[in-house]
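Just so it is clear, none of the values below were taken in a lab; they were calculated from the coordinates. These numbers were taken from a predicted model, which means no experiment stands behind them. Counting neighbours? That spans all protein chains shown, and the Cβs are built from the backbone with ideal geometry, glycine included.
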Amino acid sequence: MKTLTTMHRHVLLGLAFLVLPACAAYKIEPPVGFAVVSENDWQTRMKAQDNVGLNLQRFENVKGGTLAFWGADLVKKLGNRNYTLVGQSAVKTKNGQTGTRFDFDAQTYDTELPKFYTAVLIVTDEEKIVLQIAGDQQYAAAYRARIPELLRELVVRGCKTGSKICNGAQPPPLSTPIAKKPAAEPEIPAVTKTADPSPAQP
Amino acid sequence: MAIGHGPEPEALLMLRRSLILLSSLLLLPGLGCSKKSYAAESSAPSMADYGGSGGDMASPAAPPEPSPERAYNLDMKAAEFDDSSMKDEAPPVSVQAAPSGGARPGGSPKPTITGDKPITPEATPDKPVDDAEKKKQFARQIIYTAELQLSVYKLEESMQRAEELTLAAGGYVQNLSQGYYVLRIPAPALRGIMDDLAHLGVVEARSLQARDVSEEFVDLTTRIRVLRETQGQLLALLKSARTVDEALKVRASLDALTMELEQAMGRLRLLESQIGFSTLTVRMSLRGPQNAVPSSNDPFPWVDQLGVEATEWN
């Protein structure tokens, strides 16, 4: 009898370990054309052959952190980093969680390499989960069209029954400042030229 | 009356003849003088015109007589040319060696005086060279060293481009490893290359140092000149040495001096190379989450971990 009790305990413990991963905040299968580069409790990173990246990341939520609040925070801060919001829409995951999709064009500071960046923000009672996809601007149309397909692979957990956060309102239409060039870096003082050309000086 | 009239014309004739003779005698020296002066002066321009060395004012081979007007003009011209012809005759030493004593490329010691342009003391060929030498010697000599730190999206492509830009500017790669370059760039092109490289990625850090080596440069130049002069004197002493002992002593001094001279010249060459070619150190890294722009005083810095860098990073 005593032995059986111990066995039962072990079985229960084993079941608990099996069940735990299934309770992770999110779950996604690599979409066609993507392979997992790295994975840990907080993020899953994938890459496509054309260097387009797919990154699923989670952050702890705080009391009062709604989709509208974090959506505005995200857009404002990315706008400060020279990102331009070009699209905003409501989305749903495979298990019916609502979120907001933000499409950005990113013109980096010094480079003239245009990039695309899309972030899908889903906020639960426990966490905020961000699905990001980014790459060279030339691939924007092709990969943005695949976002619904990617969301069909995504399962997000962490909503309490009757949660106000999970069923919160969508953020109002947001915008970023028009893509601006950030303040120039401190200039190197101009070097005065001497009359004598040799030896040459800049 | 007839007798009186008879000898009168004869006497008159005689008188006329003697007057003519007298006047001709009086005139002749004058004519002779002008002739002589012309003959003497006409030789000067002719020598200048025909490239003569000048100075032979009493040349017997005078050209045909010109008109008096021409004689006058030539007279003036001769006066002008007098100086030039004298300058032409100046000893070659004064127009040969430059003060620095450096050998000139091409072998010709100095441009020779040609044409009929007079050489005034202000325009002596020595003067411009002298000025140029002095200018070079006292111009500001600066060594530039710069550093550039970039984060790029495409490391391989950016590294290749950096090398291309350097070679196109006439520079070269001194040191290369993954994401790390030491480039030698012609000094005038340094700023342009730095700007071009900045467009390959996002500039994380940039610096430029200038070291003024004018004093050292002038010191070295002067030292080399003095050493050369001393070397010449020692060589002359060596030639005039009478005993082996004397020659050996001079030789020892000469060897020590030559070594010192070589060291100074080596240092000067190094300085010139450093002045002419700036050193640019470039560090490139692949852009990643670490390059995201942090928001200052942000209570929710979660967005710092998002973005293209975090998503696209390899």
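Data overview
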| read-out | value |
| --- | --- |
| Extended-chain gain in nm, criterion 0.36 nm per residue less alpha-carbon gap, B:Gln149 and B:Asp298 | 51.0 nm |
| Label point distance in nm, A:Asn167-B:Ser253, each placed 7 Å from Cα along Cα→Cβ | 10.9 |
| Ranked B:Thr166, B:Thr145, criterion: other C-beta atoms within 10 Å, fewest first | B:Thr145, B:Thr166 |
| Projected label distance in nm at A:Arg144 and B:Tyr180, using a 7 Å step from Cα toward the beta-carbon | 4.2 |
| When each of A:Lys128/A:Lys160; A:Lys92/A:Lys115; A:Lys63/A:Lys160; A:Lys63/A:Lys164 is checked by Cα-Cα distance, pairs over 18 Å | A:Lys92/A:Lys115 |
| Partner chain coverage, peptide A:51-60 - average Cβ within 10 angstrom | 4 |
| Projected label distance in nm at A:Val62 and A:Gln137, using a 7 Å step from Cα toward the beta-carbon | 3.6 |
| Neighbouring partner chain Cβ atoms per residue of B:141-152, average, 10 Å criterion | 2 |
